[in-house]
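Trainee: My structure is below; once you've seen it, I'll send some questions.
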Amino acid sequence: MGVVVLDFGSQYTLLIARRLRELGAFSVVLPGTASLQEILAYDPQAVVLSGGPASVLDPDAPRPDPGLLSSGLPLLGICYGMQLLAHHFGGRVARKAGEYGKAVLARHEGPLFRGLPGEIQVWMSHSDAVIEPPPGWRVMAGTEDCPIAAIASPNGRAFGVQFHPEVVHTPQGKQILANFLDLAGVERDWTPARMLDSLLDRVRCRAAGKRVLLGVSGGVDSSALALLLSRAGVDHLAIFVDHGLLRQGEREEVEEALRPLGVNLQVVDARRRFLAALKGVTDPEEKRRRIGHEFIEVFREASREFGPFQVLAQGTLYPDVIESAGGTGAANIKSHHNVGGLPTELGFELLEPFRYLFKDEVRELARLLGLPDEIRLRHPFPGPGLAVRIPGGVTEERLEVLRRADAVFIGALKEHGLYDRVWQAFCVLLPLRSVGVAGDERRYGYVIALRAVTSVDGMTADWARLPQGFLDEVARRITRRVPEVGRVVYDITSKPPATIEWE
Ligand code: XMP
């Protein structure tokens with residue numbers, strides 16, 4: 001059912017999968033060199049071969065299973081994927097000077113381009129090019145610099161496009177992909193509810209007869225995972241480590257959200273231990289290192305105490321996989337928000353049901369699983385928590401001041417309907433005392449910096465243009481309700497050059 005996308009290392013592979021899902025087709029990404037058997041295990045109705053940095057002229061270049069190419073399954077090769085098809089079926093590929101950026105398909109024909117205007121803009125990013133189509137294949141489109149920009153097989157079941165239909169710079173790309181799905185007869189009835197059913201089946205199958213351990217952080221991914229295991233009826237234990245660096249009320253919210261939905265939740269109170277580990281540490285990377293170390297220790301002890309477990313479940317998302325493994329599909333874990341090192345150390349099997357999902361898809365699943373919006377739509381929060389929002393030394397007193405100020409800011413954003421309009425918002429407590437007046441007295445208080453940004457993925461960010469009246473109200477509320485704070489400032493730096501967090 002659906003489409004298997006074979007990943008040959010393109011930075012856009014995730015976008016292909018995403019566009020297909022937006023078109024209602026189930027899609028799963030496998031390494032480009034997956035065997036025919038592995039591909040057929042998904043019973044796909046079509047296969048897409050992604051782009052990639054290699055050259056088909058290189059003997060070591062990654063290639064699909066030849067059995068796939070002669071299987072008769074509908075195929076769409078994109079960029080390197082098209083070159084693979086051309087090369088395999090006897091066409092000619094040559095190294096060229098390279099073409100990057102916008103181009104215009106001045107001519108195109110055939111069912112892949114059905115419904116499109118005469119000239120369309122496409123996005124090119126390639127060095128090699130097909131200079132002669134395989135015998136019997138037809139050239140279906142060309143640009144000025146790339147006369148063979150699309151090809152179709154004699155039986156009309158396999159296609160290649162040199163450009164990238166999956167990126168926004170090919171404005172009609174989605175229509176081209178939709179045409180391919182129609183030509184291949186791919187069902188387009190993939191809904192979040194079906195996605196949930198399929199995940200439940202897979203999790204039940206993988207965890208049958210085993211005990212599953214997972215860490216929940218209070219974020220949407222790990223909370224949704226805990227709910228998925230609970231709904232699947234899997235024997236599990238979810239460990240929530242309270243490291244004392246959480247936002248106000250976070251621990252209680254997680255408990256209230258997950259326990260009633262059947263999650264077997266164990267809260268480990270490790271606040272003193274983390275604070276002790278952070279004592280006197282001011283370097284941000286050292287803070288992160290110590291927190292990571294402590295976290296693994298606490299988790300390991302808990303797994304021993306409540307174990308044995310055979311499986312460790314993690315809420316790794318597809319973008320994490322891409323980021324940490326360069327798109328090769330290797331089981332590489334981003335250390336900062338997963339329990340790095342644990343699976344291999346403790347001999348766990350790894351269960352990552354969200355490995356091929358995007359954040360918004362997990363949010364949708366979480367909704368179906370009953371996760372309250374409070375958690376489901378919460379802003380991202382760094383693993384090291386409030387420790388990286390207190391430049392300099394972390395003390396219990398500073399944490400408490402920060403938590404209270406942050407709660408005022410976040411509460412006000414929600415009250416004014418602004419919370420969902422920014423990507424992330426929080427307070428930073430500056431370790432300096434600024435002078436102020438209270439009555440007739442000079443008073444020294446902490447400085448709180450408000451940070452609110454808009455962003456798509458956190459890679460770049462713009463400071464949020466919050467209304468002045470709103471900022472004024474927040475500053476007044478914080479200084480009134482948190483008397484330890486003497487001054488409130490608003491951070492108006494974008495990323496780059498600044499980062500979102502202050503440390
Ligand atoms: P920066 O500050 O690098 O943050 O612009 C980008 C996004 O990443 C989050 N962040 C972290 N998340 N561990 C995490 O799990 C970390 O050490 C960490 N540092 C930053 C940050 O909150 C923002 O969403």
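Trainee: So which residues in the range 9-28 are over 18 Å from Pro192 (Cβ atoms) and open to solvent by less than 10 Å² (accessible area, probe 1.4 Å), if there are any at all? Spell out the reasoning first.
Mentor: Of the range 9-28, the ones over 18 Å from Pro192 (Cβ atoms) are 9-16.
Listed by number, the residues that qualify are Thr13, Ile16.
Trainee: If you don't mind, another one. Residue by residue through the range 29-43, note down the ones that are touching a Phe, Trp or Tyr at 6+ places or on another chain (Cβ under 9 Å) and either surrounded by fewer than 24 Cβ atoms within 10 Å (Cβ to Cβ) or among the basic types (Lys, Arg) (or both). If you could, list the steps in order and put the result at the bottom.
Mentor: Step one: of the range 29-43, the residues touching a Phe, Trp or Tyr at 6+ places or on another chain (Cβ under 9 Å) are 29-33, 42.
Correct list: Leu30, Pro31, Thr33, Tyr42.
Trainee: Let me ask something additional. With respect to Gly110, determine if the residue is touching a Pro at 6+ places or on another chain (Cβ under 6 Å) and not assigned by TED's automatic domain parsing to the domain that holds Phe354.
Mentor: Details: touching a Pro at 6+ places or on another chain (Cβ under 6 Å): no; not assigned by TED's automatic domain parsing to the domain that holds Phe354: yes.
Against the criterion (touching a Pro at 6+ places or on another chain (Cβ under 6 Å) and not assigned by TED's automatic domain parsing to the domain that holds Phe354), Gly110 does not qualify.
Trainee: For the condition open to solvent by 30 Å² or more (accessible area, probe 1.4 Å), among the aliphatic types (A, V, I, L, M), at pLDDT below 85 and more than 12 Å from the ligand (Cβ to nearest atom), what is the one hit in Leu346, Leu342, Leu350, Leu368?
Mentor: Details: Leu342 fails: open to solvent by 30 Å² or more (accessible area, probe 1.4 Å); Leu350 fails: at pLDDT below 85; Leu368 fails: at pLDDT below 85.
From the options Leu346, Leu342, Leu350, Leu368, the qualifying one is Leu346.
Let's see how each residue does on (1) in the same structural domain as Glu256 (by TED's automatic domain parsing); (2) farther than 15 Å from Arg21 by Cβ; (3) open to solvent by 20 Å² or more (accessible area, probe 1.4 Å):
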site: Gln172; (1), (2), (3): no, yes, yes
site: Ala178; (1), (2), (3): no, no, no
site: Ala207; (1), (2), (3): yes, yes, no
site: Ala224; (1), (2), (3): yes, yes, no
site: Leu229; (1), (2), (3): yes, yes, no
site: Gly233; (1), (2), (3): yes, yes, yes
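Trainee: Next up: Mind telling me which of the residues Gly436, Gly458, Gly445, Gly392 ends up being touching a residue at least 24 places away in the same chain (Cβ under 8 Å), open to solvent by less than 30 Å² (accessible area, probe 1.4 Å), more than 16 Å from the ligand (Cβ to nearest atom) and on the phi > 0 side of the Ramachandran plot? Steps first, answer last, please.
Mentor: Values: Gly436 fails: on the phi > 0 side of the Ramachandran plot; Gly458 fails: more than 16 Å from the ligand (Cβ to nearest atom); Gly445 fails: on the phi > 0 side of the Ramachandran plot.
Matching residue, one of Gly436, Gly458, Gly445, Gly392: Gly392.
Trainee: Just need a number here: residues in the range 354-390 that are in contact with a Ser or Thr (Cβ under 9 Å, 6 or more places away or on another chain), in a loop (DSSP other than H, G, I, E, B) and in the same structural domain as Ala313 (by TED's automatic domain parsing).
Mentor: Summing the residues that are in contact with a Ser or Thr (Cβ under 9 Å, 6 or more places away or on another chain), in a loop (DSSP other than H, G, I, E, B) and in the same structural domain as Ala313 (by TED's automatic domain parsing) in the range 354-390 gives 5.
Trainee: Among the residues of the range 464-486, is any assigned to a loop (DSSP other than H, G, I, E, B) and in contact with a Ser or Thr (Cβ under 9 Å, 6 or more places away or on another chain)? Break it down stepwise before answering.
Mentor: Residues of the range 464-486 assigned to a loop (DSSP other than H, G, I, E, B): 464-467, 482-484.
Restricting the remaining residues to those that are in contact with a Ser or Thr (Cβ under 9 Å, 6 or more places away or on another chain) gives 464-465.
Yes, the range 464-486 contains at least one residue that is assigned to a loop (DSSP other than H, G, I, E, B) and in contact with a Ser or Thr (Cβ under 9 Å, 6 or more places away or on another chain).
Trainee: Is one or more of the residues making up the range 479-497 within 25 Å of Leu245 (Cα to Cα), open to solvent by less than 30 Å² (accessible area, probe 1.4 Å) and within 16 Å of the ligand (Cβ to nearest atom)?
Mentor: Among the residues of the range 479-497, at least one is within 25 Å of Leu245 (Cα to Cα), open to solvent by less than 30 Å² (accessible area, probe 1.4 Å) and within 16 Å of the ligand (Cβ to nearest atom), which makes the answer yes.
Trainee: Could I ask something else about it? So if I check each of Ala54, Ala86, Ala94, which one is surrounded by fewer than 19 Cβ atoms within 10 Å (Cβ to Cβ) and either part of a loop (DSSP other than H, G, I, E, B) or touching a Phe, Trp or Tyr at 6+ places or on another chain (Cβ under 9 Å) (or both)? Even if it seems obvious, please write down each step before you answer.
Mentor: On the way: Ala86 fails: surrounded by fewer than 19 Cβ atoms within 10 Å (Cβ to Cβ); Ala94 fails: either part of a loop (DSSP other than H, G, I, E, B) or touching a Phe, Trp or Tyr at 6+ places or on another chain (Cβ under 9 Å) (or both).
On inspection, the qualifying residue turns out to be Ala54.
The values are calculated or read from the model by the stated rules, or taken from the named source; none is laboratory data. Worth saying up front: this structure is predicted, and the values here are computed from it rather than measured. Cβ atoms come from the backbone with ideal geometry, glycine included; neighbour counts cover every protein chain shown. When the accessible area is computed, the model is the full protein with side chains, heavy atoms only, and any ligands, DNA or RNA have been set aside. Shrake-Rupley method; radii C 1.70, N 1.55, O 1.52, S 1.80 Å.
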